[in-house]
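The next block holds one structure in the form of structure tokens; read it before the comments.
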């Protein structure tokens with residue numbers, strides 16, 4: 001019983017393999033579809049907006065903290081100096097990540 005089942009499975013596999021081998025498969029480049037092109041343009045535009053807005057927000061926040069640092073006493077200056085460092089680090093990270101996305105997308109085009 002088991003031998004007959006294995007023979008039938010082999011016959012089905014052989015038949016389907018020969019069937020698929022007789023007909024050529026036509027493939028197209030996925031990069032040429034309108035969906036991929038549109039998504040790539042959308043991601044490029046979004047990363048440009050993110051880079052621009054994050055740079056502006058970082059600059060405004062740094063200036064705000066520096067002004068507050070100038071107007072406060074010595075104890076609070078350390079806090080504002082620490083805030084400025086954190087803002088700059090986060091600002092750099094937010095600018096670098098979308099830039100890496102753009103570089104990766106440029107590889108596929």
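Which ones in the range 54-80 are more than 32 Å from the chain's Cα centre (by Cα) and in contact (Cβ under 8 Å) with a residue 12 or more places away in the chain?
66, 68, 69, 80
Only one residue in 37, 3, 41 is farther than 30 Å from residue 93 by Cβ and either surrounded by 10 or more Cβ atoms within 10 Å (Cβ to Cβ) or modelled with pLDDT of 75 or more (or both), so which one is that?
Only one candidate qualifies: 3.
In a helix (DSSP H, G or I), modelled with pLDDT of 90 or more and loosely packed, with under 13 Cβ neighbours inside 10 Å: which single residue out of 62, 49, 84, 57 fits that description?
So the residue among 62, 49, 84, 57 that is in a helix (DSSP H, G or I), modelled with pLDDT of 90 or more and loosely packed, with under 13 Cβ neighbours inside 10 Å is 49.
The values are calculated or read from the model by the stated rules, or taken from the named source; none is laboratory data. If you're wondering where the values come from, they're calculated on a predicted model, not measured in any experiment. When we count neighbours, we look across all protein chains shown, and the Cβ atoms used for this are built from the backbone with ideal geometry, even at glycine.
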